[in-house]
Amino acid sequence: QDSKYADCKNLTLSNGEKMPRLDDLLQLLKDSDSPTKLIIEIKKHSTDLRNRNAAKYVLKKVEEYGVKDRVEYISFSGVACRQIISLDPEAKVAYLNGDYSPAALKRMGYTGLDYSYSVMNAHPEWYQQAHDEGLTVNVWTVSDYAGMADVMSRGADYITSDSPTDGLLIKKYFDLNR
């Protein structure tokens, strides 16, 4: 969030690839027949103006590539999230910070909550409350079998994990045993 583009544009990832730019990812999405959605996290900036400008820029790019229906947004910045909701009321926007109840998020126009495992453990009632409000629930970062089984059993719609293959195995188990 504090890095300048010039510092990032030539970074090489651990797999040897260059770090992709937003344009690269949006073009990939546009060219793809995959049902995959792109989740864009707008990093929180030091001022409200920078948060609003980042949100405007990202929305403009998504519109430019014609992939609005395949993109969702997340941020720790309530300002950035509310800017997206204001400029595109149909956008799917989830809040990351964990300091609002599902009812409060719904009133502000969010479509989901995307809270840490520790926040959701402190508020297990939020799974049902979120669903009652029509919000999706994503829980991050859950990477062990027990944690994944726990959040799935409580009703998480999505899980952010460092172990997606394990998550798919647990999902398959839940699907077979419903």
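Overview of values
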{"quantity": "Single residue of segment 4-30 satisfying the filter (open to solvent by 80 Å² or more (accessible area, probe 1.4 Å) and within 15 Å of ALA54 (Cβ to Cβ)) that is modelled with the highest pLDDT", "calculated": "ARG21"}
{"quantity": "Extreme residue, modelled with the highest pLDDT, among residues of segment 31-57 that are assigned to a loop (DSSP other than H, G, I, E, B) and surrounded by 15 or more Cβ atoms within 10 Å (Cβ to Cβ)", "calculated": "ILE42"}
{"quantity": "Lone qualifier among ASP99, ASP88, ASP69 - being of a type in the set (Asp, Glu) and closer than 30 Å to ALA146 by Cα", "calculated": "ASP99"}
{"quantity": "Qualifying residues in segment 131-144 (those that are more than 13 Å from ASP162 (Cβ to Cβ) and surrounded by fewer than 16 Cβ atoms within 10 Å (Cβ to Cβ)) - the one farthest from the chain's Cα centre (by Cα)", "calculated": "ASP132"}
{"quantity": "Pairs with Cβ under 8 Å, 6+ apart, first in segment 33-57 and under 19 Å from ASP23 (Cα atoms) and without any contact (Cβ under 8 Å) to a residue 60 or more places away in the chain, second hydrophobic (A, V, I, L, M, F, W, C) and open to solvent by 50 Å² or more (accessible area, probe 1.4 Å)", "calculated": "LEU38/LEU25; LYS43/PHE76; ALA55/LEU87; LYS56/LEU87"}
{"quantity": "Matching option when the condition is assigned to a loop (DSSP other than H, G, I, E, B) and among the acidic types (Asp, Glu), among ASP166, ASP150, ASP162, ASP175", "calculated": "ASP162"}
{"quantity": "Subset of segment 145-178 (residues that are out of contact with any Ser or Thr (no Cβ under 6 Å at 6 or more places or on another chain), among the hydroxyl-bearing types (Ser, Thr, Tyr) and surrounded by 15 or more Cβ atoms within 10 Å (Cβ to Cβ))", "calculated": "TYR158"}
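The values are calculated or read from the model by the stated rules, or taken from the named source; none is laboratory data. Model, not experiment: these values are computed from the prediction. Counting neighbours? That spans all protein chains shown, and the Cβs are built from the backbone with ideal geometry, glycine included. What goes into the accessible areas is simple: the full protein's heavy atoms, side chains included, and nothing from ligands, DNA or RNA. Shrake-Rupley method; radii C 1.70, N 1.55, O 1.52, S 1.80 Å.
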